[in-house]
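Down below is the structure, laid out as structure tokens.
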Amino acid sequence: MTHQEKQKAFVAMIKQHERLILKVCAMYTNSCRSELRDLYQDAVCALWMSYDSFKGESKLSTWIYSVTRYTMLNASRQRKLETKAISNSEADTIAAEGSDSDVLDELRQAVASLRSDERDMFVMWIMGFNPGEIGATLGMSYGTVATRITRIKIKLRRLLKDYKEVVR
């Protein structure tokens with residue numbers, strides 16, 4: 001593959017998975033759009049640097065998620081960002097330049113209250129990854145991931161139940 005062909009394939013991959021990259025980046029920003037753009041650029045650079053390392057042993061989206069996640073973790077350490085998990089829906093909102101609602105804010109706070117490993121699993125799950133793919137990314141078995149996702153959902157239901165009671 002020539003360098004130009006490689007570049008074209010890479011650009012096509014980035015365009016196809018742009019929302020996934022934005023969502024992962026949005027998990028590690030304080031909702032500042034300029035910071036989100038910076039993190040997105042960092043992720044794209046990291047993906048380009050490791051593009052040749054993708055061997056097709058996992059789904060492309062799983063590899064993209066992993067590279068982007070590790071890039072964000074490194075960026076948050078380097079920049080001392082306050083890591084803030086946000087929901088899949090809110091990441092869509094930020095990516096589309098929309099505004100937050102009270103419900104999304106409450107969901108973001110509930111997800112942010114999860115431990116880092118729980119947050120990673122939950123965010124991957126709501127992005128459509130199955131427990132096997134999540135386990136392969138995080139180094140856990142299918143059963144462990146499935147059990148933990150169930151526990152995380154129960155935990156979030158309890159947290160959000162308080163919000164529903166206040167709203168009623």
Please go through region 26-46 and pick out each residue that is part of a helix (DSSP H, G or I) and touching a Ser or Thr at 6+ places or on another chain (Cβ under 7 Å). 35, 36, 39, 42, 43, 46
Being in contact with a Leu (Cβ under 6 Å, 6 or more places away or on another chain) and of a type in the set (Asp, Glu) is the filter here, so list the residues in region 107-152 that pass it. none
Quick one: would you say residue 58 is small (Gly, Ala, Ser) and more than 23 Å from residue 7 (Cα to Cα)? no
What number of residues in region 22-68 are under 15 Å from the mean Cα position of the chain (by Cα), over 19 Å from residue 11 (Cα atoms), surrounded by fewer than 21 Cβ atoms within 10 Å (Cβ to Cβ) and of a type in the set (S, T, N, Q)? 2
Is region 136-152 home to any residue that is within 13 Å of the chain's Cα centre (by Cα), polar (S, T, N, Q) and surrounded by 15 or more Cβ atoms within 10 Å (Cβ to Cβ)? yes
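Values quoted throughout were computed directly from the atomic coordinates according to the rules given, and no laboratory measurement underlies them. Here the structure is a predicted model, which is why all the values come from computation and not from measurement. Note that each Cβ is placed from the backbone with ideal geometry, even for glycine, and that neighbours are counted across all protein chains shown.
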